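Here, each number is a calculation from the coordinates, and none is a lab measurement. Given the structure is predicted, the values throughout are model-derived calculations rather than measurements. Every residue, glycine as well, gets a Cβ built from its backbone with ideal geometry; the counts of neighbours run over all protein chains shown.
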Amino acid sequence: MISLRTALLTVLAMVAFAGNSLLCRAALRDTDIDAASFTFIRIVSGALVLALLMRLQRTRRDLKAGSWWSALALFVYAIAFSFAYGGLSTAMGALLLFGAVQATMIALGVVRGDRPQRWQWLGILVAFVGLTGLLLPGLSAPPPVSAALMLAAGASWGVYSLRAKGAGDPLQATAGNFLRAVPMALLVSLVLLPQARLDGAGAVLAVASGALASGIGYAIWYAALPLLQSTTAATVQLSVPVIAAVGGILLLGEALTLRLVVAGSAILGGIALVIVGKRLTPARSRG
């Protein structure tokens, strides 16, 4: 039975994750800030807040926490995420992102020898059909480049999540990775400086994304994670695209298309079946 505190922390973390999609989409759609500048401000803000959280918790700062490879995965996620939201709705982006995250983690698990069971194969098939239907050409299909960027962002976040397992104290590792990602974001911003467009409102949204939705959001999630079963932790993240879709409708005036609803249901349902599928398979039928 999940306690009220655990449930509250989990809900807050999922709202924060969905908030990243809402804040980025609002900034790139409604302000003049460019994607590279948004990413730089977001990463710097996240690094500062995570460092502050460690100081408030009187955590001994380990300069070796995190790694450059994890920081690279974090940066690729963040920069691809920002550029993708220049052409995607909030709901579409969140669905592609979290679908790719789960697909990457499942695929890497298979490569490492975690053989899917019968119900899990069915879930993979359903999710693949849903993704294919979502990306097929048509009036409501997402722009191919934006969709590809968001899938890349999700794959990078999946790699980052797997690397985070066993990386020591999660708050310290995340802070270290954010700090290492700052020069990467700065380099891209300098390369794209001729196209840079700074905007006050856009900068505020970027700070909110980095400090609140990322820094504090990750800290809340890592506080809840040890209190959740692994299956529950994986399944609850499927709520993020739904929260983002509702937020996009209520806060950004976005509309849901029939294609997104049907394909999204197939993708999330298929992934959910993969996550819980092992429990549905009788023990004697497993390899």
* Asked: In what sequence do 150, 92, 184 fall when counting other Cβ within 10 Å, fewest first?
  -> 184, 150, 92
* Structure fact -> Projected onto the charge dipole of the chain (unit charges on the beta-carbon of Lys, Arg, Asp and Glu, signs +1, +1, -1, -1), the Cα from 215, 122, 269 with the largest positive-side position is that of 122
* To do: Could you list the trypsin sites (Lys or Arg not before Pro) in the range 130-218 that lie in coil according to DSSP, counting only those with at most 13 other Cβ atoms within 10 Å of their Cβ?
  => 165, 197
* To do: Using R₀ = 30 Å, calculate the FRET efficiency as 1/(1 + (r/R₀)^6) where r is the Cβ-Cβ separation of residue 229 and residue 196; round to 0.05.
  => 0.10
* Asked: Using +1 on the beta carbon of Lys and Arg, -1 on that of Asp and Glu, and nothing else charged, what's the dipole of the range 4-285 about the Cα centre, debye to 20?
  -> 980 debye
* Enumerate the amide H contacts of residue 192 below 5 Å, restricted to partners 5 or more residues apart or on another chain; note that Pro and chain-start residues carry no placed amide H. => none
* Structure fact -> So residue 68 and residue 52, fully extended at 0.36 nm per residue minus their Cα-Cα distance, gain in nm 3.6 nm
* To do: Go through 189-196, 75-82 and give me the packing order, highest mean Cβ count within 10 Å leading.
  => 75-82, 189-196
* Structure fact -> As a Kirkwood estimate from alpha-carbon pairs, the range 1-113 has a hydrodynamic radius in angstrom of 16.4 Å
* Asked: When only C-alpha pairs under 8 Å and at least 6 residues apart count, what is the relative contact order of the range 71-204, in percent?
  -> 46 percent
* Give the long-range amide H neighbours of residue 254: residues separated by 5 or more places, or on another chain, with amide H under 5 Å away, using H modelled in the peptide plane at 1.01 Å from N. => 249
* Structure fact -> Fewest-first ordering of 96, 268 by Cβ atoms within 10 Å yields 268, 96
* Just the ratio, please: alpha-carbon radius of gyration of the range 182-247 over 2.2 N^0.38 Å, N its number of residues. => 1.53
* **Value of relative contact order over the chain, rounded to a whole percent, pairs C-alpha under 8 Å and six or more apart** => 42 percent
* **Hull volume in cubic angstrom per residue (convex hull over the Cα atoms of the chain)** => 137 Å³
* List the DSSP H helices in the chain whose Cα atoms stretch 15 Å or more along the helix axis and whose mean Kyte-Doolittle hydropathy is at least -0.5. => 4-30, 35-56, 68-84, 90-111, 118-135, 144-164, 170-191, 239-252, 258-280
* Asked: For residue 250 and residue 7 in the same chain, what is the full-extension length gain: residue separation times 0.36 nm, less their Cα-Cα distance, in nm?
  -> 85.1 nm
